[in-house]
1. Of the residues Leu126, Leu201, Leu111, Leu100, which single one is over 30 Å from Tyr25 (Cα atoms) and outside any helix (DSSP H, G or I)?
2. For segment 150-192, which positions are open to solvent by 70 Å² or more (accessible area, probe 1.4 Å) and either free of Cβ contacts under 8 Å to residues at least 24 places away in the same chain or more than 19 Å from Ser219 (Cβ to Cβ) (or both)?
3. Residue under question is Ala129, and the condition is that it be surrounded by fewer than 17 Cβ atoms within 10 Å (Cβ to Cβ), touching a strand residue (DSSP E or B) at 6+ places or on another chain (Cβ under 8 Å) and of a type in the set (A, V, I, L, M); does it hold?
4. Of the residues that make up segment 77-88, is at least one in contact with a helix residue (DSSP H, G or I) (Cβ under 6 Å, 6 or more places away or on another chain), within 21 Å of Lys141 (Cα to Cα) and assigned by the TED database to the domain that holds Arg114?
5. Spot the failing condition for Ser147; the list is (1) open to solvent by less than 20 Å² (accessible area, probe 1.4 Å); (2) at pLDDT 95 or above, and only one is missed.
6. If the Cβ limit is 9 Å and pairs must be 6+ apart or interchain, which residue in segment 97-119 that is in the same structural domain as Arg68 (by the TED database) pairs with which residue that is of a type in the set (S, T, N, Q) and surrounded by fewer than 16 Cβ atoms within 10 Å (Cβ to Cβ)?
7. Condition (residue is under 24 Å from the mean Cα position of the chain (by Cα), of a type in the set (A, V, I, L, M, F, W, C) and surrounded by fewer than 13 Cβ atoms within 10 Å (Cβ to Cβ)) applied to segment 193-201: is it met by at least one residue?
8. Within segment 29-38, does at least one residue satisfy the condition of being among the aliphatic types (A, V, I, L, M), under 30 Å from Leu242 (Cα atoms), under 22 Å from the mean Cα position of the chain (by Cα) and open to solvent by 60 Å² or more (accessible area, probe 1.4 Å)?
Amino acid sequence: MEIVSDIWVNWFEGEENSYNVCEFYEWRKHDFIELLDQIPLIRVEKPLLNYIENNLQDLPQELLKDVRNRSVICKNNQREIIEYCFIATDGERCIVADTLGYTIPVRKSRLIPRQESLILQKAEKLETASYPLPDAAIRKKEYHMLSLDPKWMIGLTRKERQLKQLLFMALDQLHASKNVEEMRYWYTEWYPTRYLQSRTLRFEEAWQGLVEGMIPGWSAKHSDLCERMVKGQAYFEKLWELEKGSKVN
């Protein structure tokens, strides 16, 4: 382990999937960006780094013990200790994590390119710490409507990923309604040439066809349907407006 200084972070809170911890080129000026005065750097094995990036579950107690109270941030000319905050690397990539005093990586950040390069150089001289891998890291992670498989996000911009997640939140709510006529309506909106077929579809058949059609990629068609599906739902509409109003992809 090594203590490094003056590290810029952009905190993404409560994210369990690495695709939502945005790389530097996707940072926005209104993001939660801070400068950490000092923070411990640890080199870990690749499976543990994957676990930190893609889970919101307990970190190894030994890791927490090693990094405890070693991070510092200056606020209003006062030095504040951060209880559990660290940079983890496997020698190829990095992730910054802060537990906010808990035992899970509540906040995560990427590094700016120049600092990431320096960290990887330092990692070449560090021994890999052997922490016990949590049981959850050994089990295959399950993805679902509200936590999309990373392969369905490949090639999408930050804005597209956010809107795709919003679309699937709306789809999940549509499924909960159990309204077969509404489901058939949206099915034909996605597949306009299948109107006659849609009239004979059962609820789950229409649902599966809609999801399977929407999962790949992102397009103007996705965007149009998302805008119409969230209309009239205050919370979803707010998320839509915030994301569409962003000037950065």
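The values are calculated or read from the model by the stated rules, or taken from the named source; none is laboratory data. Because the structure is a prediction, the values reported are computed rather than measured. Glycine gets a Cβ as well: all are built from the backbone with ideal geometry, and neighbour counts include every protein chain shown. Accessible surface areas use protein heavy atoms only, side chains included; no ligands, DNA or RNA. Shrake-Rupley method; radii C 1.70, N 1.55, O 1.52, S 1.80 Å.
1. Leu201
2. Those that are open to solvent by 70 Å² or more (accessible area, probe 1.4 Å) and either free of Cβ contacts under 8 Å to residues at least 24 places away in the same chain or more than 19 Å from Ser219 (Cβ to Cβ) (or both): Lys151, Ile154, Gln173, Ala176, Lys178, Glu181, Glu182, Tyr185, Pro192.
3. yes
4. yes
5. It is condition (2) that Ser147 fails.
6. Listed by first residue and then by second, the contacts come to Thr103/Gln57; Thr103/Gln61; Ile104/Gln57; Pro105/Gln57; Leu111/Ser117.
7. There is no residue in segment 193-201 that is under 24 Å from the mean Cα position of the chain (by Cα), of a type in the set (A, V, I, L, M, F, W, C) and surrounded by fewer than 13 Cβ atoms within 10 Å (Cβ to Cβ).
8. yes
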